[in-house]
Amino acid sequence: QGPDNGLTIDGGKTLAFELIGQLAGKPLDRLLIQVGGGALASACIQAFVEAHRSGAIKKLPRFHAIQTRGGFPLARAFDLVQERAAHTTIDEALNHARAHRSRFMWPWETEPESIAHGILDDETYDWFAIVWGMLHTQGHPIVVDEDTLREANNAVHETLAVPACHTGSA
């Protein structure tokens with residue numbers, strides 16, 4: 001996405017605002033979002049936070065970021081921030097993580113592999129916003145194996161008749 005990231009975030013927020021509008025005031029318990037570089041997840045979290053602050057929704061859903069067992073830098077960063085938060089507050093742990101980014105988010109040492117190859121970014125660039133959203137809503141990352149990715153893809157094909165790729169159904 002590079003220099004187009006701002007437009008990507010706005011597009012992702014638009015998708016989330018459309019979802020919020022379709023909910024028509026009904027509460028959403030959880031929102032699961034596949035994560036590679038993190039633009040879609042951070043955009044969705046931003047949209048839901050804006051909707052909550054404006055009163056359009058009464059409560060935020062729990063945010064869960066889905067990554068593959070082949071590559072999960074966000075889950076690794078989340079665990080490190082959560083570990084630090086056990087000895088301080090969530091916000092203090094997040095502030096420390098933001099100030100010391102390289103201790104919490106770094107590229108994989110070896111190139112990851114997965115059938116959901118579209119979410120195998122070397123690192124989760126929007127990691128901070130996503131970790132913030134998960135921690136503040138009691139959400140957490142979910143790391144799935146290849147068999148689960150295949151099952152999800154089969155379910156999407158059979159139930160919705162949508163020809164999604166493994167990345168899309170992750």
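Structure notes:
- Qualifying residue in the range 2-14 (condition: assigned to a strand (DSSP E or B), closer than 20 Å to Ile119 by Cβ and of a type in the set (Gly, Ala, Ser)): no
- Matching option when the condition is aliphatic (A, V, I, L, M), open to solvent by 50 Å² or more (accessible area, probe 1.4 Å) and either modelled with pLDDT of 95 or more or over 12 Å from Ala129 (Cα atoms) (or both), among Ala65, Ala75, Ala86: Ala86
- Number of the condition not met by Ser102 [criteria: (1) outside any helix (DSSP H, G or I); (2) farther than 16 Å from Lys13 by Cα]: (1)
- Residues in the range 68-82 that are farther than 12 Å from Asp122 by Cα and of a type outside the set (A, V, I, L, M): Thr68, Arg69, Arg76, Phe78, Asp79, Gln82.
- Residues within the range 72-91 that are touching a helix residue (DSSP H, G or I) at 6+ places or on another chain (Cβ under 8 Å) and of a type in the set (Phe, Trp, Tyr), tallied: 1
- Residue that is surrounded by the fewest Cβ atoms within 10 Å (Cβ to Cβ), among those in the range 89-112 that are within 19 Å of the chain's Cα centre (by Cα) and at pLDDT below 95: Pro107
- The lone exception for Leu149 - which of (1) in contact with a His (Cβ under 7 Å, 6 or more places away or on another chain); (2) in a helix (DSSP H, G or I); (3) farther than 29 Å from Pro27 by Cα it fails: (3)
- Within the option set Ala75, Ala43, Ala85, being within 30 Å of Arg150 (Cβ to Cβ), touching an Asp or Glu at 6+ places or on another chain (Cβ under 9 Å) and among the small types (Gly, Ala, Ser) holds for one residue only, Ala43.
- Single residue of the range 123-160 satisfying the filter (open to solvent by less than 70 Å² (accessible area, probe 1.4 Å) and of a type in the set (D, E, K, R)) that is nearest to Cys44 (Cα to Cα): Asp126
The values are calculated or read from the model by the stated rules, or taken from the named source; none is laboratory data. Computed from a predicted model, the values in this text were never measured in an experiment. Methodologically, a virtual Cβ is constructed for each residue, glycine included, from the backbone with ideal geometry; neighbour enumeration extends over all protein chains shown. Ligands, DNA and RNA are excluded from the accessible area calculation, which covers all protein heavy atoms including side chains. Shrake-Rupley method; radii C 1.70, N 1.55, O 1.52, S 1.80 Å.
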